[in-house]
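Student: After the structure tokens below, expect a handful of questions from me.
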Amino acid sequence: MSTAYLDHAATSRIRPVAAAAYARELVQFGNPSSLHAAGRAARARLEEAREQIAQAIGARPVEVVFTSGGSEADAIALAGIPTALAAAGKASATVISAIEHDAVRLTARATAERLGHRLVELPTDTRGVIDLDALDAALGEPTGLVSVMWANNETGVIQPIADVIERAHAAGALAHSDAVQAVGRIPVDFAASGLDALSLTGHKIGAPVGTGVLIAKTSTPITDLRPGGGQERAIRSGTLDVAGACVLAAALTEATAELAAQRDRLAAHTETLRAALAPLPGVRLTGEGTDQLPGFVHVIVEGANSEALLLLADMAGLAAASSSACHAGVQSLSHVVAALGYRDDDAIAPLRLSLGWDTTDAEVAHAAATLPGVIAQAQAAGGAR
């Protein structure tokens, strides 16, 4: 049976160049904080990886802070920046969007509660684009940090990040963006963006899980909430993963080098899938009329159950995702889908198809040919939750 892996937004296969870098590094040794020869050699490899990452993302090497992934990078920014601002007696409010990844959303909520600060969550329109008028209103009050994702991890809708940064800075606030899904799909240049901090991860672009980076200007105040050795600019403590840094550098360098070609290829595949889905009864494409990441297709299937839809897709050889979350056997719509105006009692099943660096023509053709039948089966089974 033909198969298609269409869940790259969750994680991608490791690139051969990254696997080769990992194989080389795993037989090396030495703590990069040690002063002996093995430690110095490890430090040299680490700093070379830092320079490569900086070059690929439009940053200075000193701005690259290694983390265990995008979630940790987000948590450091959303907890560390407000804490540092509060310690300096500066503006305390944080503004985020209602469609942020939980690493941003939940950290921001916990930090605001801990510090006794105001938190504003910006709504979106029904297409999934944040409300800039609501941002302007929020910035009418003293604000320390604005965090809006570059592109949404469920719908693929690209946010007006340049407008967000301009408005935040005009109000005297710092600006952070979760660029986990954008990096490797569209151009992301830290210096050109004007951001004060940016998060990215490796496993969306062909590096292993457990690799990530927070890009932060040296002028951005960040408190390390997990004190230790202070290895990364006293922002993030812990013995540094040299192998992870090297493999992330390899994957990111290749992803940015082939960005234009991959973007065009993924855009063509996206149109193939959208053309197969758009005519289907009870299927609504999300984000119509917006800029969306190439390789992202998000639809709302009416009259279907999310779990049944995904199981039927899996049986047909399609690895896809739903934006629903299951807790203790009870399905509920994600906060992202809720922000689009849907409710738990709506008989709908969100479906996300996400392509990646190694998605083949055959995978896309299989998906385009198979999905109409899968969706019809799911609708026939009904949408009761």
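Student: Residues of region 12-33 being at negative phi, surrounded by 13 or more Cβ atoms within 10 Å (Cβ to Cβ) and in a loop (DSSP other than H, G, I, E, B), which ones?
Tutor: The answer is SER12, ARG13, ILE14, ARG15, GLN28, ASN31, PRO32, SER33.
Student: Within region 44-93, track down each residue that is open to solvent by 10 Å² or more (accessible area, probe 1.4 Å), farther than 17 Å from GLN181 by Cα and in contact with a strand residue (DSSP E or B) (Cβ under 7 Å, 6 or more places away or on another chain).
Tutor: ARG50, ALA59, GLU63, PHE66, ILE76, LEU85, LYS90, ALA91, SER92
Student: Examine region 97-107 for a residue that is over 30 Å from THR126 (Cα atoms) and open to solvent by 20 Å² or more (accessible area, probe 1.4 Å), and state whether such a residue exists.
Tutor: No: zero hits.
Student: On to the next question. Pull out all pairs, ordered by first then second residue, where Cβ-Cβ is under 6 Å, the residues are six or more apart or on different chains, the first lies in region 261-277 and is on the phi < 0 side of the Ramachandran plot, and the second is surrounded by fewer than 19 Cβ atoms within 10 Å (Cβ to Cβ) and part of a helix (DSSP H, G or I).
Tutor: THR272/ALA368; LEU273/ALA368; ALA276/ALA368
Student: Quick one: count up the residues across region 157-174 that are in contact with a Gly (Cβ under 7 Å, 6 or more places away or on another chain) and among the small types (Gly, Ala, Ser).
Tutor: Total satisfying the criteria: 1.
Student: Could you check region 190-247 and list, in sequence order, the residues that are among the small types (Gly, Ala, Ser), open to solvent by 30 Å² or more (accessible area, probe 1.4 Å) and at pLDDT below 95?
Tutor: Hits for region 190-247 are GLY228, GLY229, ALA234.
Student: A further question on this structure: Could you please give the count of residues in region 258-298 that are among the basic types (Lys, Arg) and either under 18 Å from the mean Cα position of the chain (by Cα) or open to solvent by less than 20 Å² (accessible area, probe 1.4 Å) (or both)? If you could, list the steps in order and put the result at the bottom.
Tutor: Applying the first criterion (among the basic types (Lys, Arg)) to region 258-298 yields 263, 265, 274, 284.
Those still in the list that are either under 18 Å from the mean Cα position of the chain (by Cα) or open to solvent by less than 20 Å² (accessible area, probe 1.4 Å) (or both) too: 263.
Within region 258-298, residues that are among the basic types (Lys, Arg) and either under 18 Å from the mean Cα position of the chain (by Cα) or open to solvent by less than 20 Å² (accessible area, probe 1.4 Å) (or both) number 1.
Student: Modelled with pLDDT of 95 or more and farther than 16 Å from ILE235 by Cα: which single residue out of ALA73, ALA18, ALA79 fits that description? So that I can check it myself, show each step before the final result.
Tutor: Details: ALA73 fails: farther than 16 Å from ILE235 by Cα; ALA79 fails: farther than 16 Å from ILE235 by Cα.
Just one listed residue meets the conditions, ALA18.
The values are calculated or read from the model by the stated rules, or taken from the named source; none is laboratory data. Small disclaimer: the values here were computed from a predicted structure and weren't measured. Every residue, glycine among them, receives a Cβ derived from its backbone with ideal geometry; neighbour counts consider all protein chains shown. To get the accessible areas, we keep the full protein, side chains included, count just its heavy atoms, and leave off ligands, DNA and RNA. Shrake-Rupley method; radii C 1.70, N 1.55, O 1.52, S 1.80 Å.
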